[in-house]
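The values are calculated or read from the model by the stated rules, or taken from the named source; none is laboratory data. As the structure is a computational prediction, the values presented were derived from the model and not from experiment. Here the Cβ positions follow ideal geometry from the backbone for every residue, glycine too, while neighbour counts run over all protein chains shown.
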Amino acid sequence: MLKKFTLKTNNRDQMIEITQQVQEFINDNTFKEGSVVVYCPHTTAGITINENADPDVKRDMIRRFDEVYPWHHKLDRHMEGNTAAHMKASTVGASQYVIVTNGQLLLGTWQGIYFCEFDGPRARTFFVKIV
């Protein structure tokens with residue numbers, strides 16, 4: 001089973017928690033054991049798992065990504081001017097694999113699944129595949 005999700009980002013850099021949408025897809029399919037793959041088909045966005053309890057974690061991560069990959073760099077040659085977004089997306093990765101047991105995502109107490117936007121605002125998609 002595969003589902004396409006859509007979302008709208010509001011900022012150039014943004015982390016949007018999508019854990020609930022993934023869990024609802026599992027619930028809708030009465031899926032109990034196995035895994036899911038959460039996949040982002042964009043070159044300037046990605047999927048990560050990280051802390052979902054303290055919103056400062058998202059802010060700090062975005063700030064640190066900007067420090068490591070500044071938006072403007074005199075040696076960047078990509079004509080769209082979004083090399084930093086490509087670097088951030090490659091660092092985060094395009095997908096996450098999560099175990100499902102007893103119909104629930106097997107995540108740690110403070111973990112959530114995030115769609116990471118690095119070149120917004122945009123209309124975006126991501127996919128969830130039950131394995």
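Of everything in the range 116-131 that's in a strand (DSSP E or B) and of a type outside the set (Phe, Trp, Tyr), which residue is farthest from residue 39 (Cα to Cα)?
123
For the range 19-49, how many residues are surrounded by 15 or more Cβ atoms within 10 Å (Cβ to Cβ), closer than 17 Å to residue 99 by Cβ and modelled with pLDDT of 95 or more?
Residues in the range 19-49 being surrounded by 15 or more Cβ atoms within 10 Å (Cβ to Cβ), closer than 17 Å to residue 99 by Cβ and modelled with pLDDT of 95 or more: 13 in total.
Select from the range 118-129 the residues that are in contact with a Leu (Cβ under 9 Å, 6 or more places away or on another chain) and not hydrophobic (A, V, I, L, M, F, W, C) and write down the one among them that is surrounded by the most Cβ atoms within 10 Å (Cβ to Cβ). Spell out how you get there, then give the answer.
First, the residues of the range 118-129 that are in contact with a Leu (Cβ under 9 Å, 6 or more places away or on another chain): 123-129.
Still in the running and not hydrophobic (A, V, I, L, M, F, W, C): 124-125, 129.
Details: 124: 21, 125: 14, 129: 15.
By that ranking, first place goes to 124.
Can you pull out every residue in the range 22-50 that is touching a Leu at 6+ places or on another chain (Cβ under 9 Å) and without any contact (Cβ under 8 Å) to a residue 40 or more places away in the chain?
Scanning the range 22-50 gives no hits.
If a residue must be part of a loop (DSSP other than H, G, I, E, B) and surrounded by fewer than 11 Cβ atoms within 10 Å (Cβ to Cβ), how many such residues does the range 60-115 contain?
10
Name the single residue, out of those in the range 97-114 being touching a residue at least 12 places away in the same chain (Cβ under 8 Å) and among the small types (Gly, Ala, Ser), that is farthest from residue 49 (Cα to Cα).
Among residues in the range 97-114 that are touching a residue at least 12 places away in the same chain (Cβ under 8 Å) and among the small types (Gly, Ala, Ser), the one farthest from residue 49 (Cα to Cα) is 103.
Just wondering, is there one or more residues in the range 9-29 that are closer than 13 Å to residue 119 by Cα and in contact with a Cys (Cβ under 6 Å, 6 or more places away or on another chain)?
Yes, the range 9-29 contains a residue that is closer than 13 Å to residue 119 by Cα and in contact with a Cys (Cβ under 6 Å, 6 or more places away or on another chain).
Conditions tested, residue by residue: (1) in a helix (DSSP H, G or I); (2) of a type outside the set (A, V, I, L, M, F, W, C); (3) more than 13 Å from residue 88 (Cβ to Cβ).
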residue: 6; (1), (2), (3): no, yes, yes
residue: 25; (1), (2), (3): yes, no, yes
residue: 31; (1), (2), (3): no, no, yes
residue: 35; (1), (2), (3): no, yes, yes
residue: 47; (1), (2), (3): no, no, no
residue: 56; (1), (2), (3): yes, yes, yes
